[in-house]
Amino acid sequence: MNDLNNIHKTGLNDIEKDIAAWKSFINYAFQNPPVYLNLFWGKYNDMLDQALQDYFSIYPLESPNRAIAMSCVPIYTGNLEARDYIWMRRAANEGYIRYEDAAYLSRTCTLLVKGMLQENVNTYKNKELTQNRILECQKIVEKNIRDHMIK
């Protein structure tokens, strides 16, 4: 949440915010792939939406954070693809990508991250290897997005 809040405060456009958000997620996820794979793609991932809503009803965001739509609306869904699609549609509204590419990018970025996390699940304790894979995944996701930008 702090990373998303800080990303929002940078004043970047929505496509750059999305790239920054993916980089942040990748950084955290690759440091503990078993937890992230289980949380977002595991057996009970369909319960994540409700768990997030329960969490934020017990521990509400501070007032300044509640006002940031990018940070608030998407966090209530545990589905990364659906979350990313919200941001990609915003980028399409700004004219950075085509609307038809919003769903494609949300799907492919999510699959790229999941696949690369699965590759790293048994070797993530090797810090040097993990750092290299973090950078590789961040570059691939960013290139995927930038290759679809129209301005």
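Observations on the model:
- Screening Met116, Met88 for residues that are crowded, with 19+ Cβ neighbours inside 10 Å, within 18 Å of the chain's Cα centre (by Cα) and at pLDDT below 95 leaves exactly one candidate, Met88.
- Taken over the range 92-125, residues that are among the basic types (Lys, Arg) and assigned to a helix (DSSP H, G or I) amount to 2.
- Of the candidates Tyr104, Tyr124, the single residue that is at pLDDT below 95 and of a type in the set (Phe, Trp, Tyr) is Tyr124.
The values are calculated or read from the model by the stated rules, or taken from the named source; none is laboratory data. Only a predicted model underlies this, so the values are computations on that prediction, with no experimental measurement involved. All Cβ positions, glycine included, derive from the backbone under ideal geometry; neighbour counts span all protein chains shown.
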